[in-house]
Amino acid sequence: MTLVLASVRGDIANYVDVLAWVYTVTIIAYILTQWIFAAGLRIPYSRVSNAILTFLHDVVVPFLRIFRRILPSFGGLDFSPIVAIIVVRVAGSLIARAIRG
């Protein structure tokens, strides 16, 4: 019975760790799409690109707003994604470690 519980705890911890990685990749994808579209490389009137942009915006921007309120403005540079990635990775690692025991 103990072996089964340890296995389940390990699976849940792995799930939390992978979830943190997926959200990190989502933040990076949001950053890259913003750079690409700032360079003017957007396909006009594309439903697929619009759906991807809307998804990334709806998933990432509410989390980034927390850090944009806290961090001061550094000219045209936005450091909130960097801080958000660090927070997601550290929190995911700490939670996964706590679940593992």
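The values are calculated or read from the model by the stated rules, or taken from the named source; none is laboratory data. Owing to the predicted nature of the structure, the values given are computational and were not obtained by experimental measurement. Please note: Cβ atoms are built from the backbone with ideal geometry, for glycine as well, and neighbour counts cover all protein chains shown.
Among the residues of the stretch 38-60, those identified as without any contact (Cβ under 8 Å) to a residue 24 or more places away in the chain and closer than 14 Å to residue 27 by Cβ are 55, 58.
Taking the condition surrounded by 12 or more Cβ atoms within 10 Å (Cβ to Cβ), touching a residue at least 40 places away in the same chain (Cβ under 8 Å) and under 30 Å from residue 7 (Cα atoms), does residue 101 pass? The answer is no for residue 101.
Looking only at residues that are within 18 Å of residue 54 (Cα to Cα), of a type outside the set (Ser, Thr, Tyr) and under 15 Å from the mean Cα position of the chain (by Cα) in the stretch 10-44, which one is modelled with the lowest pLDDT?
In this case the residue turns out to be 34.
A residue that is touching a residue at least 24 places away in the same chain (Cβ under 8 Å), under 23 Å from residue 16 (Cα atoms), out of contact with any Asp or Glu (no Cβ under 7 Å at 6 or more places or on another chain) and part of a helix (DSSP H, G or I) occurs nowhere in the stretch 65-79.
In the list 32, 41, which residue meets the criterion of being of a type in the set (A, V, I, L, M, F, W, C), loosely packed, with under 12 Cβ neighbours inside 10 Å, out of contact with any Phe, Trp or Tyr (no Cβ under 7 Å at 6 or more places or on another chain) and outside any helix (DSSP H, G or I)? Sole residue among the options that is of a type in the set (A, V, I, L, M, F, W, C), loosely packed, with under 12 Cβ neighbours inside 10 Å, out of contact with any Phe, Trp or Tyr (no Cβ under 7 Å at 6 or more places or on another chain) and outside any helix (DSSP H, G or I): 41.
Restricting the search to the stretch 80-98, which residues are in contact (Cβ under 8 Å) with a residue 40 or more places away in the chain and surrounded by 15 or more Cβ atoms within 10 Å (Cβ to Cβ)? Steps first, answer last, please.
First pass over the stretch 80-98, keeping only residues in contact (Cβ under 8 Å) with a residue 40 or more places away in the chain: 81, 84-85, 88-89, 91-93, 95-97.
Result: 81, 84, 85, 88, 89, 92, 95, 96.
Reported count of residues in the stretch 58-101, each being in contact with a helix residue (DSSP H, G or I) (Cβ under 7 Å, 6 or more places away or on another chain) and β-branched (Val, Ile, Thr), is 7.
Going through (1) among the charged types (D, E, K, R); (2) surrounded by 13 or more Cβ atoms within 10 Å (Cβ to Cβ); (3) farther than 29 Å from residue 91 by Cα one by one, residue 47 falls short only on (2).
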